[in-house]
Amino acid sequence: MKKVKMTVDKVFVVAPVDKRIYGSFIEHLGRAVYGGIYQPGHESADEDGFRRDVMQLVKELDVPVIRYPGGNFVSNFFWEDSVGPISERKPRLELAWRSLEPNTFGLGEFSRWAAKVNAEMMMAVNLGTRGIADACNLLEYCNHPSGTKYSELRRTHGVEEPYNIKLWCLGNEMDGEWQLGRKTMDEYGRLSEETAKAMKLIDPTIELVSCGSSFKDMPTFPQWEATTLEYNYEYVDYISLHQYYGNATGDSWDYLAQSDDMEEFIHTVTSVCDFVKAKKRSRKTINLSFDEWNVWFHSKAEEEDITVNHAWQTAPALLEDHYNFEDALMVGLMMITLLKNADRVKIACLAQLVNVIAPIMTDAKGGAWKQTIYYPFFHASKYGRGTVLHTVCDSPVHETSGHGMVADIVSVAVFSEEREELNIFAVNRNLAEDLLLEIDMRSFGDYQAIEKIEMISDDLKAENTLFEERVKPYVSGDIRLEGGKAETVLKKASWNVIRLGKLY
Ligand code: AHR
């Protein structure tokens, strides 16, 4: 068996993990809201119509921040339609996904739901079909205490205290030709600058996210980032990155190599932010909000069919990717990549949370269940709080069709001083060979093995359903510790959480 040597030392710090790296996303899209988090009449619905079974799984994921209400949806969102007495709200044509939006769930309902799952809201404003004034009105409605037109409107809606939403996205994917009200980079640069300026006058405590490119292969990437930041640098705090991957060619080795693209994407955006910083002679650093990331490709044909041939349904089954085992490995790889870059990635949103390209699925009449991708995210969120450490790892490599030679092992170490734990997340993306991992962790003195959590499968295409969980983690005792060195086998095609710490 080939050996992989890893060295971890507590003094080699990358950065503390910002807990918002474990964020997620709920868009008014498909069955995310209606039939997902909200289903009055369902046997598990609470007094607000929120599904308790879903809330339970969301709480287990411990998601600290949730982006809302879109996504593409936000670019034609009229927030006034979503507030006030439900009986007076009117349905609207929802153009991004060509659905019917009943507006029976809106801003106030989302805020209540988010509080119940212990999450903060990350709100997006419509810079597609609307602009500065509406963004300001919405912010006044949400964050101003009282005594003004929109703060009083909120109070008449029964919400005395402001929502105090701290994190705001300045539009969504404004470079995309699919986006309603798409902008050129100069148009978006100016509009976001002026919107940000006005919003910070209303509430200087908020943080703003400027729209970056919709994905790394956009033709205007990375000029978009450079140009738009030159306009709005003074007023924004983060720039967004979005990226979805998939195994469209059926080549699993190459599929799992795509996390290296994500790493490159992060490094390029970081460099562009710092280029603009230098050009402006600024002392301020713009950090990254990777506010859409996941695997998305299984459901593309259904999406095309529904939006083109079966428009204007309420909550159609859109973007319902059914994930398999290799998708879970890919999500694990992406999560590790985000953590490795914790010095600049401060916010990340797994897109999305329920039913729509989601770790959690619901059955209209039955329960809620966990997709394969639930687990790597769950483990990272549970055991990946603390400080990311540099790991030196001499992994063997393998050849791929589209990404050249890539490392077999992708890993990250998170040290929690408070819990006295060192947790190492590792994917063996060699689909044919087990590897022996040897960790030199001498600086951790008397740490011992707590447990090793593994996910493996003989079938890369194995999926979970409401009735059967074919892909799930199990705990193994496979860690040997001696003389400051730990040893364990990373099985071929596996997700691993190696947990070390003080045992009292
Ligand atoms: O998450 C699904 C969609 O993907 C979002 O609406 C959009 O922002 C992105 O293209």
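Each value in this text was obtained by applying a stated rule to the coordinates, not by laboratory testing. The shown structure was predicted, so the numbers you read here are calculated from the model rather than taken from an experiment. Note that each Cβ is placed from the backbone with ideal geometry, even for glycine, and that neighbours are counted across all protein chains shown.
The table below lists the values:
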read-out	value
Principal-axis tilt of helix 259-279 within the chain, Cα atoms, nearest 10 degrees	60
Extension reserve of the residue 178-residue 309 stretch, reckoned as 0.36 nm per residue once the Cα distance is removed	45.4 nm
Length added when fully stretched, residue 448-residue 482, from 0.36 nm per residue minus Cα-Cα	11.3 nm
Separation in nanometres of the label points that stand 7 Å from Cα toward Cβ, at residue 416 and residue 160	3.7
C-alpha long axis of helix 132-143 to longest principal axis of the chain, angle in °	70
Amide H contacts under 5 Å for residue 99, placed H, 5+ residues apart	94, 312
Extension reserve of the residue 432-residue 401 stretch, reckoned as 0.36 nm per residue once the Cα distance is removed	9.6 nm
Burial ranking of peptide ranges 17-29, 139-151 (average Cβ count within 10 Å, highest at the top)	17-29, 139-151
Helix axis angle, 52-61 relative to the chain longest principal axis, alpha carbon, degrees	50
Filter on 3/346; 166/284; 149/280; 370/485 - keep pairs with C-alpha separation over 30 Å	3/346; 149/280; 370/485
Antiparallel DSSP beta bridges within segment 22-383, percent to nearest 5	20
The chain: equivalent-ellipsoid semi-axes (sqrt of 5 x gyration tensor eigenvalues, Cα, Å)	38, 26, 22
